[in-house]
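A short write-up of the structure that comes next.
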Amino acid sequence: MKKKLILFFIIFIFPLFVNAKLASVDTSHAKIELLVETNEIVVNEDFVIGIKFEIEPGWHIYWKNPGDSGLPAEIEWKNTESIEFKKFLWPSPQKTPEEPLMTYGYYNEVVLPAIFSVDSNYIKNGPSIFEINFLICEKICIPEKAVIDFDLSSYSDDDIQVSREILSSWYNDCLLYTSPSPRDKRQSRMPSSA
C-alpha cells in the first residue's frame, strides 16, 4: 500500500509542484509567492490571494497581534482602485520570546490568505502590482517591502491546482476560518466573505 501511495504522489502530485510558476519575489530574508484559487476575478465578489512566506531560518514575521513589539504584514493591490484589501485570515502563531518581551509570529513558512473585495467598477486592465510591507526579525528587526508584478491570466491550471492544495492545507489553521461559500464548495475551501 505504501508503494502505491508513493507511486501516486510521484505520478500525479509531484509534477504539479515541479511545473508551477507562481508569481514570487525574494527579499533579504524571505521568499514570497502569490497563491490563487482561480485566474478569474468576478465583480462584486470577494477574492482570495494567499501570501506564502518562506522565511530564512532564525528569522520571523509577526501575527496580527504581535504582542509586546512588532508589526503585522500589510498589503495593497496597487494599480486598481476597484479592488480593496479587507482582511487576512491568520493562522495560529508561535510564541517568539524576546526577553523581557513576548511576541507572536511565524518562523520558516506561513501562508496568509488575504481577502479582497471587488467592486462593480472593476475592469481587467492587464498585469497587477502587489505590495507587501512587513517587519522581519532575528536579533534585530528590518522593515521589508515586496513588490510583485503578476498577471492572473498567466496562472495555468497546474499553478491554480498547486495554489489550492497549499491554501487548503493552511485554511484549517486560520483563526478566522469560516465555511466555504456556495460558489466554491466543489472547487476549493475558500473562506466566505461573512
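Please tell me if Asn79 is touching a strand residue (DSSP E or B) at 6+ places or on another chain (Cβ under 8 Å), in a loop (DSSP other than H, G, I, E, B), open to solvent by 90 Å² or more (accessible area, probe 1.4 Å) and modelled with pLDDT under 95.
no
Let me confirm something: among Lys86, Lys95, which residue is part of a strand (DSSP E or B), closer than 27 Å to Asn39 by Cβ and open to solvent by 10 Å² or more (accessible area, probe 1.4 Å)?
Lys86
Can you give me the number of residues within the range 88-139 that are within 24 Å of Phe47 (Cα to Cα), touching a Lys or Arg at 6+ places or on another chain (Cβ under 9 Å) and among the aliphatic types (A, V, I, L, M)?
7
Among the listed residues Leu35, Leu16, identify the single one that is at pLDDT 90 or above, surrounded by 12 or more Cβ atoms within 10 Å (Cβ to Cβ) and among the hydrophobic types (A, V, I, L, M, F, W, C).
Leu35
For Glu109, only one of the following conditions fails: (1) at negative phi; (2) at pLDDT below 85. What is its number?
(2)
If we scan the range 47-63, do we find a residue that is without any contact (Cβ under 8 Å) to a residue 60 or more places away in the chain, touching a Pro at 6+ places or on another chain (Cβ under 6 Å) and surrounded by 15 or more Cβ atoms within 10 Å (Cβ to Cβ)?
Yes, there is a match, as at least one residue in the range 47-63 is without any contact (Cβ under 8 Å) to a residue 60 or more places away in the chain, touching a Pro at 6+ places or on another chain (Cβ under 6 Å) and surrounded by 15 or more Cβ atoms within 10 Å (Cβ to Cβ).
The values are calculated or read from the model by the stated rules, or taken from the named source; none is laboratory data. Given the structure is predicted, the values throughout are model-derived calculations rather than measurements. Methodologically, a virtual Cβ is constructed for each residue, glycine included, from the backbone with ideal geometry; neighbour enumeration extends over all protein chains shown. Ligands, DNA and RNA are excluded from the accessible area calculation, which covers all protein heavy atoms including side chains. Shrake-Rupley method; radii C 1.70, N 1.55, O 1.52, S 1.80 Å.
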